[in-house]
Amino acid sequence: YTRPIGVLVANPKGSASKTTVSLALGGTLAFCRGGGLAIVEVAEDPGTLTLRAEGNPRRGIGHLVAEHDQVNSAGRLDGYTAPQTSYARVIGSTGPREALTAQAVADVVKLVDEYFSMRVMDSGNQYTSPVFRAAVEAADVLVIPTLNAADTATKALELLDSLRAQGGHAAQLAKSAVVLVLTDGRVEIPAVTEGVTQALAQAQVGQILSIPFDAHLAQRGEITLSQLHPDTYRAFVAAGAAVIRALAGVTN
């Protein structure tokens, strides 16, 4: 690409695997590309991105927002990241911080884009907030994780409807969205699963893919790409390929 690329991971429902997908998909893309990718928290309040990532960084998104105008080199920016064995770099919360603002998201995106060719943004649950809208503006592709559960899928469809109603760039993100249906070990009811499958099939998105159950991810602890089951890794490679195909439609 001839410019930085942004991937937004979003679903208004809490515990919809947004952070899991941000780290696993972002890590897979970074590993396949040999680095050059940052995974960034863009939620108003502190999330679990740093907790789920490898390492124990002392500085993160809150510090970067406050000091972004002092960062003028890759080496300086590196001090706000947690390096992953996947070659990705994670910028998340390292403790209590001020709530992010739309301007803070714009400032961080601008800075990250100077030193990384791709960013994956782990969003919060308030899809009507200015912060989320700033993330939408900075995104080229939307990835929506969901489970085979009515509440998670309903919120995913609600997000798509909202983006379509906004028109323009937001509507295009909805049209080309990549939906990932995860199985996380919770009980799945066949009738509900069938209903979710039918509802998503009618959503008119770019692509719908399944991510199989993975014991490493189900632990909801630190995610290490090499610890994924081979089937799960292949599923995230397919998801990464779907993201790249979606990008081809907006970058050419």
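The values are calculated or read from the model by the stated rules, or taken from the named source; none is laboratory data. Computed from a prediction, not measured in an experiment: that's the story for all the values here. All Cβ positions, glycine included, derive from the backbone under ideal geometry; neighbour counts span all protein chains shown. In case anyone asks, the SASA skips ligands and DNA or RNA and just uses the protein heavy atoms, side chains included. Shrake-Rupley method; radii C 1.70, N 1.55, O 1.52, S 1.80 Å.
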State which residue is farthest from ALA88 (Cα to Cα) when the search covers only region 22-56 and only residues that are out of contact with any helix residue (DSSP H, G or I) (no Cβ under 8 Å at 6 or more places or on another chain) and outside any loop (DSSP other than H, G, I, E, B). LEU51
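Going by the conditions given, is LEU157 closer than 20 Å to LEU29 by Cβ, at pLDDT 95 or above, open to solvent by less than 70 Å² (accessible area, probe 1.4 Å) and in a helix (DSSP H, G or I)?
Judged against the criteria, LEU157 is not a match.
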Filter region 104-143 for residues that are surrounded by fewer than 24 Cβ atoms within 10 Å (Cβ to Cβ) and of a type in the set (Lys, Arg); which is nearest to the chain's Cα centre (by Cα)? ARG133
Restricting to region 82-103, what's the tally of residues that are open to solvent by less than 60 Å² (accessible area, probe 1.4 Å), touching a Gly at 6+ places or on another chain (Cβ under 8 Å) and touching a residue at least 40 places away in the same chain (Cβ under 8 Å)? 10
The number of residues in region 32-57 that are closer than 17 Å to GLY6 by Cα, open to solvent by 30 Å² or more (accessible area, probe 1.4 Å) and touching a Gly at 6+ places or on another chain (Cβ under 8 Å) is 1
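Which residues, counting only those in region 160-201, are part of a strand (DSSP E or B) and free of Cβ contacts under 8 Å to residues at least 60 places away in the same chain?
Going through region 160-201, the residues part of a strand (DSSP E or B) turn out to be 178-182.
Across region 160-201, the qualifying residues are VAL179, VAL181.
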Would you tally the residues in region 144-154 being open to solvent by 10 Å² or more (accessible area, probe 1.4 Å) and either part of a helix (DSSP H, G or I) or over 19 Å from ALA239 (Cβ atoms) (or both)? 4
Residues located in region 218-238, provided they are open to solvent by 20 Å² or more (accessible area, probe 1.4 Å), part of a helix (DSSP H, G or I) and under 17 Å from VAL90 (Cβ atoms): LEU225, SER226, GLN227
Expected single match for among the β-branched types (Val, Ile, Thr) and over 26 Å from ALA174 (Cα atoms) among ILE61, ILE91, ILE39 is ILE61
